[in-house]
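Asks: The structure that follows is given in the form of structure tokens.
The values are calculated or read from the model by the stated rules, or taken from the named source; none is laboratory data. Everything quoted here is computed from the prediction, not taken from an experiment. For neighbour counting, all protein chains shown are included, and Cβ atoms are generated from backbone atoms with ideal geometry for every residue, glycine included.
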2 protein chains.
Amino acid sequence: MLPDQRELATAAALALPRFVGSTALFHAAVAERMAVTPTELHCLHLLHGGVSDSPTELARLLRMSTGAFTRLLDRMERHRLAERAPDPADRRRLVVRPLPDRMAELAELYAPMARFVGERLAHLDRRQLTALVGFLTDGTAAAEQASGNLPNVTHAITS
Amino acid sequence: MLPDQRELATAAALALPRFVGSTALFHAAVAERMAVTPTELHCLHLLHGGVSDSPTELARLLRMSTGAFTRLLDRMERHRLAERAPDPADRRRLVVRPLPDRMAELAELYAPMARFVGERLAHLDRRQLTALVGFLTDGTAAAEQASGNLPNVTHAITS
DNA sequence: GGCAGTGACTGCGCAAGGCAGTGACTGACT
DNA sequence: AGTCAGTCACTGCCTTGCGCAGTCACTGCC
């Protein structure tokens, strides 16, 4: 590996955590602007992605209890983010539906970032795009795997 | 732009939020493993990065009040993450110092991801690395700028 | 037709953070 | 030298978000 290549790799390794951090802060800023908690925003993303509309499943994806999700839904209804609708097939269940006007607002807030990404990607050639996609997808897999498979460390706690 | 290039760009645009999301979950998992809140972990990162060691400045970077940061410091001392030390130059102030063994533990938890990044970057050529670094650094700037400069949207709230 | 399982909801408690002060200390200005 | 506004960390008090454990309604299976 050539020296300047090494420098570039180092630069990338340094830029990565900054990128992740600033992105996280951006999400927090969007949540604040919408007068909504990060958890509510996260739930809204799941609803927008169409991943699921079942409370129990959404609670699992958000890594919280069903009880806590009930209150979350209460707040989201109060804030006009989503609404409950009965599930005709099973009277125990219900479906969570996002409210369109707030979703539009969300898209509006994300528009600048989406525009940046679109323009930036348009200037890359095939090899560069391939590298980027590979890095992102493999990085996603690595993060998911690492999340569930963290090394054991000793720590003294909880007093 | 050629069709397969367009597809690649779309793939990248889809992979990006997934990457960000899985990374955020990874951080949450690390925090949980260390029996520490995400905020404490965030603060630990700042300390490790050597950004600052002043409570007021750290509170600003974490976007919280100085009062809340005092409790945060209390918890971090209880959890043996950091310690307070007097500032000899100004007796009102103090400096926050990370505790080395817990920092080592942190590094250990991040090791798998760091290894992945290092190996992945080693397989990229100059043009690819340049594109990646550019995307990350400009993306960081864009996110920071977008955070402080979100478009105004109408929303009815707070009942 | 009973019965274990599932789904959403509720009371209670805890932890985290904001707000509005308080006292110690500083540097600048007279 | 004395004063005084500004800064710094810290402290009650309060709100909010979430977990936990239990409750009730409903389902499908035997």
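Asks: Being more than 9 Å from chain B (Cβ to nearest Cβ), more than 14 Å from DNA strand D (Cβ to nearest atom) and touching a residue at least 24 places away in the same chain (Cβ under 8 Å) is the filter here, so list the residues in the stretch A:27-53 that pass it.
Replies: Across the stretch A:27-53, the qualifying residues are A:LEU47, A:HIS48, A:ASP53.
Asks: With the checklist (1) surrounded by fewer than 19 Cβ atoms within 10 Å (Cβ to Cβ); (2) at pLDDT 90 or above; (3) in a loop (DSSP other than H, G, I, E, B) in hand, flag the one item B:MET1 doesn't pass.
Replies: Condition (2) is where B:MET1 drops out.
Asks: Right, here's the next one. Do you know which residues across the stretch A:54-66 are of a type in the set (Ser, Thr, Tyr), more than 8 Å from DNA strand D (Cβ to nearest atom) and assigned to a helix (DSSP H, G or I)?
Replies: A:THR56
Asks: Restricting the stretch B:72-93 to residues that are part of a strand (DSSP E or B) and more than 11 Å from DNA strand C (Cβ to nearest atom), which is surrounded by the fewest Cβ atoms within 10 Å (Cβ to Cβ)?
Replies: Result: B:ALA85.
Asks: Also, I was wondering about something else. Working only within the stretch A:13-55, note down all residues that are polar (S, T, N, Q) and closer than 29 Å to B:VAL133 by Cβ.
Replies: A:SER22, A:THR23
Asks: Also, quick follow-up: Could you please give the count of residues in the stretch A:39-60 that are surrounded by 14 or more Cβ atoms within 10 Å (Cβ to Cβ) and more than 11 Å from DNA strand C (Cβ to nearest atom)?
Replies: Looking only at that region, the number is 9.
Asks: Still on this structure: For the condition touching an Asp or Glu at 6+ places or on another chain (Cβ under 8 Å) and over 30 Å from B:ARG126 (Cβ atoms), what is the one hit in A:LEU46, A:LEU25?
Replies: Of A:LEU46, A:LEU25, the one residue that is touching an Asp or Glu at 6+ places or on another chain (Cβ under 8 Å) and over 30 Å from B:ARG126 (Cβ atoms) is A:LEU25.
Asks: A follow-up question, please. So, B:ALA107, is that one modelled with pLDDT under 95 and within 11 Å of chain A (Cβ to nearest Cβ) or not?
Replies: Yes.
Asks: Also, quick follow-up: Of the numbered conditions (1) out of contact with any Pro (no Cβ under 8 Å at 6 or more places or on another chain); (2) closer than 15 Å to A:THR39 by Cβ; (3) of a type in the set (Gly, Ala, Ser), A:ALA82 satisfies every one except a single condition; which is it?
Replies: Here A:ALA82 clears every test but (1).
Asks: Report yes if some residue within the stretch B:56-68 is among the charged types (D, E, K, R) and under 15 Å from the mean Cα position of the chain (by Cα); otherwise report no.
Replies: yes
Asks: Now for a different question. What number of residues within the stretch A:118-129 satisfy the criterion of being crowded, with 17+ Cβ neighbours inside 10 Å and in a helix (DSSP H, G or I)?
Replies: 4
Asks: Let me ask another. So which of A:ARG115, A:ARG97 ends up being away from DNA strand C (no atom under 11 Å from the Cβ) and in a strand (DSSP E or B)?
Replies: None of the other options fit; the residue is A:ARG97.
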